[in-house]
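Everything below concerns the one structure shown next.
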Amino acid sequence: MAKSALNWKDRRVLIDHPKTKPESMIQAGRQLLDKGYWAEAADFFRKAKDQDGLREILARAVDEGNFFLYCLATQYLGQRPRAGELIRLADQAKAAGFDVYHDQATRLLTQLRQGSPAPDAPDNK
C-alpha cells in the first residue's frame with residue numbers, strides 16, 4: 001500500500017471511498033507522514049478522526065517552524081492557537097530562515113496577547 005498511498009489518484013479513492021476503514025486511513029496517513037507528506041497525512045488523520053496523528057503533526061509543525069501546517073493541524077483538531085506553541089514556532093521558523101512563517105506566527109501571537117480573537121477554525125466536517 002505504500003506505493004499506492006503516495007499516488008494522488010489512489011489517495012483520493014482511498015480517502016473518499018465511504019467504505020474505507022479508519023484503520024486504513026490511519027495507516028496511509030502514517031506512511032505519508034513518514035515520507036514527508038504532512039498536509040496529505042493530516043487529511044487522512046482528520047477523516048479517520050485520529051487525534052493522535054493530528055497532534056503529532058501539530059508538534060512537528062511547531063518544532064519545524066511551519067506555520068501553514070500548524071494552522072492546518074489546529075483547524076483539524078478544532079483548537080485555537082496557543083501562545084506557547086506560537087512562540088516556539090516563531091523561534092524555530094526564524095532559525096530555519098522561514099521569515100514569512102516567523103512573521104505570521106508573531107502577528108498571530110500579538111493578536112492573542114492584545115485580546116483579539118484568534119481566527120476560528122472553519123467547519124470541516
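Here are some notes:
- Within the range 29-61, the residues that satisfy the criterion of being outside any helix (DSSP H, G or I) and either within 19 Å of GLY78 (Cβ to Cβ) or at pLDDT 95 or above (or both) are LYS49, ASP50.
- GLY36 meets all of the listed conditions (1) surrounded by 15 or more Cβ atoms within 10 Å (Cβ to Cβ); (2) not charged (D, E, K, R); (3) not assigned by TED's automatic domain parsing to the domain that holds GLY115 but one, namely (1).
- Note on the range 68-82: among residues that are buried (at least 18 other Cβ atoms within 10 Å of the Cβ) and aromatic (Phe, Trp, Tyr), the one that is farthest from the chain's Cα centre (by Cα) is TYR76.
The values are calculated or read from the model by the stated rules, or taken from the named source; none is laboratory data. Keep in mind that what you see is a predicted model, and the values were worked out from it rather than measured. We place every Cβ from the backbone using ideal geometry, glycine too, and count neighbours over all the protein chains shown.
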